[in-house]
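A.B. asks: Starting off with a structure, shown below.
A short reminder: the numbers here are calculations on the coordinates, not readings from a lab. Just so it is clear, the model here is predicted, and its values are computed rather than measured. So basically every Cβ, Gly included, is an ideal-geometry build from the backbone, and we count neighbours across all protein chains shown.
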């Protein structure tokens, strides 16, 4: 096993020098796509530079599908999948320590996470023929046959609860929770994991959720690495072979995020040196055709760091904050548009008034031609940095797979950015944002006047 680990290290070092020269070619490497007999959709980019493969497996099943009274279930279930695998007729059980050691011995890694929309699992392994099959077999066991030991969950749950309580001592977390609740209302995007919801979760709920969601027919699998199509197809089939087979019934629909009907102001008392200010509303789902215009417009407004308009007006000209930013967080539903800043408590209302003024002006007028050209140059010039490693490329391929984007999305990305006009951005922001109906959360500053 020492030899395996040494080979892994050597492969990474040997490939590092070639990454720079292959970065720019990766943007135009074709994405191959096919659907397996099981129903699993596969997306492959062949990248033979390094004898390694990165795999992403994803299912519809993030926190938006958690029962309200058991918020946090998906995340806890995915975490518990690393606590061991159960025995089969041919293989012994592995507890959490044995499973961790098995991955270390292979010089490979496998793990999962849950976001608002999806369950994601990532495998990374060398592609040597004496190693990759072992890594895939172990990942297939962990994916399909988690042990969900009750003793480990009962040990770990108090730690999660303690972590939640500790988070509530930090002003940024308190403000973010209040903001999410106000923006999303009763939509699952705004659900909060609490001590009470975690106490309602047991290993039986883990097993039931696992059985419901993790089916090959619902899987989207993205691969980047030194595999051809036939090898990738066989790898995916092996990864999913232990899961329940057959056709999938439709999952229950999740409602859309309701738009805000009026402005809301939430002032939260909190003893902190800095006031936390958040302003925003539901934004747009990722499938929206305005996506590129909103990305570029937000770069100009508050997403471009020191070059953004909000930074210029709020920080550089008036010194009201060290950092001010804006972003969209599109998902399967309308993720929030958010403007955030920290400032001295006695300056919070002044900074907020200025942000509101600049936001309303941007929505009404859009950017200047100079701002737009600068943003295009910045984004297009930085595009290769989005693809300068297998994992970054995999993230982009998985994004294409998850959001049903065109397979040539990466090839045409710079073209979509380059052809945008001031009118395009002004129209897109006008369709999506209503500055007069936004949620405002101010934590740690004197309450605003009614």
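A.B. asks: For the chain, set up a GNM with springs between Cα atoms under 10 Å and report which of 82, 304, 319 has the largest fluctuation.
C.D. replies: The residue that fluctuates most here is 319.
A.B. asks: Going out from 0 in 20 Å bins, what whole percent of all Cα-Cα distances in the chain drops into each bin?
C.D. replies: 22, 51, 26, 1
A.B. asks: What is segment 264-443's relative contact order, in percent, from Cα pairs under 8 angstrom and six or more apart in sequence?
C.D. replies: Numbers: 264 pairs, mean separation 67.8, N = 180.
Answer for segment 264-443 is 38 percent.
A.B. asks: How high is the relative contact order of the chain? Use alpha-carbon pairs under 8 Å, at least six apart in sequence, and give a whole percent.
C.D. replies: Details: 796 pairs, mean separation 96.6, N = 450.
Relative contact order comes out at 21 percent.
A.B. asks: What translational diffusion coefficient, in µm²/s and rounded to a whole number, does the Stokes-Einstein relation yield for segment 2-240 at 4 °C and a viscosity of 1.567 mPa s, taking the hydrodynamic radius as the Kirkwood radius over Cα pairs? Working shown, then result.
C.D. replies: Working: Rh = 19.6 Å.
After rounding, the answer is 66 µm²/s.
A.B. asks: Oh, and also: Mind checking the angle between helix 2-26 and the chain's longest principal axis? C-alpha axes, 0 to 90 degrees, to the nearest 10.
C.D. replies: Helix 2-26 sits roughly 50 degrees off the main axis of the chain.
A.B. asks: So how far, in whole Å, is the C-alpha centre of segment 414-440 from the one of segment 36-95?
C.D. replies: Here the two parts' Cα centres lie 36 Å apart.
A.B. asks: For segment 132-273, compute Rh as the Kirkwood radius over C-alpha pairs and then the Stokes-Einstein diffusion coefficient at 25 °C and 0.890 mPa s; write the answer in µm²/s, rounded to an integer. Walk me through the intermediate numbers first.
C.D. replies: Numbers: Rh = 19.5 Å.
It comes out at roughly 126 µm²/s.
A.B. asks: Then there is this: Taking the C-alpha atoms of segment 200-347, how large are the radius of gyration and the largest Cα-Cα span, Dmax, in Å?
C.D. replies: 22.7, 64
A.B. asks: In a solvent-free Debye calculation with one equal scatterer on each Cα, what is log10 I(q)/I(0) for segment 264-443 at q = 0.08 Å⁻¹, listed in the order of the q values?
C.D. replies: Cα-only, vacuum Debye calculation for segment 264-443: -0.27.
A.B. asks: If I fit a long axis through the Cα atoms of helix 171-184 and take the longest principal axis of the Cα atoms of the chain, what angle between them do I get, 0 to 90°, rounded to 10?
C.D. replies: The helix 171-184 is inclined about 90 degrees to the chain.
A.B. asks: Same structure, new question: Could you give the angle, 0 to 90 degrees to the nearest 10, between helix 369-382's Cα long axis and the longest principal axis of the Cα atoms of the chain?
C.D. replies: Taking the Cα atoms of the chain, the angle to 369-382 is about 20 degrees.
A.B. asks: 222 nm [θ] for the chain, helices only, -39500 (n - 2.57) per DSSP H run of 4+, per residue, to 500?
C.D. replies: Working: 15 runs with 191 residues, N = 450.
After summing the helix terms and dividing by the residues of the chain, the value is -13500 deg cm²/dmol.
A.B. asks: Let me ask something additional. What nm distance separates the two modelled labels at residue 207 and residue 151, each placed 7 Å from Cα along Cα→Cβ?
C.D. replies: Taking the simple label geometry, residue 207 and residue 151 are separated by 1.7 nm.
A.B. asks: Now, a different point. Compute the separation of the alpha-carbon centres of segment 325-393 and segment 175-240 and state it in Å as a whole number.
C.D. replies: 28 Å
A.B. asks: Evaluate the relative contact order of segment 2-240 (contact order divided by residue number), counting alpha-carbon pairs under 8 angstrom at least 6 apart; express in whole percent.
C.D. replies: Working: 367 pairs, mean separation 80.5, N = 239.
Rounded, it is 34 percent for segment 2-240.
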